[in-house]
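Undergrad: For reference, the structure I am asking about is given below.
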Amino acid sequence: MSALQRLVLCCLTVVGVVAPCHALDIDPAAMRNQLVLPQEPAGATTPTAARQKLNASPQPIVIAGRIGARGMDPFLENKASFVLLEIPADDHAKKPGHDDENCPFCKKRNANSPMVAVQFLGADGKVIPLDARKLFGVTKGADVVVQGTGVFDAKLAIPVIQLTAEGLYVRPK
């Protein structure tokens, strides 16, 4: 990319037309190799069990969940971030085409389970400016295991675990 092309992209970024310029400096393949775990980490817990373990002080934790957000888009565009929900535990949820976000049984069971807001930070301490769908090859409904540092503030109106991720394992379908 020429210096002129880079300058034009940076100017467009200022007016919000394209993704931030520092995203151009990130090698997605190298970042993926750094963050994707070759095997599932031991000791994964559910979001509900994690809520019981965590408090407002950051603690290491491994959480298994399904990418989803109760009727919202679980991804933030151009950010290495997504939302996890509880993985349904019974057999009816394993049927092909099952949509646990629209299943009345799953919705009722998971109504009080926390969501997990997952974010992957760069060396600058900011969320990596690469879309998680592209960075990790994940989609809504994928079952993943995330290793990182979590906090849970019981005072929040909506139960949300904040997880700063250090590694991701995508479970095979």
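Undergrad: Given 0.36 nm per residue, what is the gain on full extension from Glu166 to Ala49 after removing their alpha carbon distance, in nm?
TA: 40.1 nm
Undergrad: Amide H to amide H under 5 Å from Asp131: which residues, 5+ apart in sequence or cross-chain, H placed 1.01 Å off N in plane?
TA: Asn78, Lys79
Undergrad: Right, next: Which whole-number percent is the relative contact order of segment 34-170 (Cα, under 8 Å, 6+ apart)? Display every interim value, and only then the final one.
TA: Working: 278 pairs, mean separation 47.3, N = 137.
The normalised contact order for segment 34-170 reaches 34 percent.
Undergrad: How would you rank Leu54, Leu163, Leu35, going from fewest to most other Cβ atoms within 10 Å of each one's own Cβ?
TA: By the 10 Å Cβ count, ascending: Leu35, Leu54, Leu163.
Undergrad: Something else: Can you check what the net charge comes to around Thr139, using other residues whose Cβ is under 14 Å from the Cβ of Thr139 (Lys, Arg +1; Asp, Glu -1)? Could the numbers behind the result be given before it?
TA: On the way: positive: Arg66, Arg133, Lys134, Lys140, Arg171, Lys173; negative: Asp73, Asp99, Glu101, Asp131, Asp143.
Residues near Thr139 contribute +1 overall.
Undergrad: For Glu77, Glu166, what ranking results if the residue with the fewest other Cβ atoms within 10 Å of its Cβ goes first? Don't skip to the end; give the middle numbers.
TA: Details: Glu77 10, Glu166 16.
Listed from fewest to most nearby Cβ atoms, that is Glu77, Glu166.
Undergrad: Can you sort Asp25, Asp131, Asp143, Asp99 by how many other beta carbons sit within 10 Å, fewest first? Before the final figure, lay out the partial values.
TA: Numbers: Asp25 8, Asp131 19, Asp143 16, Asp99 11.
Lowest to highest Cβ neighbour count: Asp25, Asp99, Asp143, Asp131.
Undergrad: Between beta-carbons, use under 15 Å as the cut-off and find the net charge around Glu166, counting Lys and Arg +1, Asp and Glu -1.
TA: Local net charge: 0.
Here, each number is a calculation from the coordinates, and none is a lab measurement. Worth saying up front: this structure is predicted, and the values here are computed from it rather than measured. All Cβ positions, glycine included, derive from the backbone under ideal geometry; neighbour counts span all protein chains shown.
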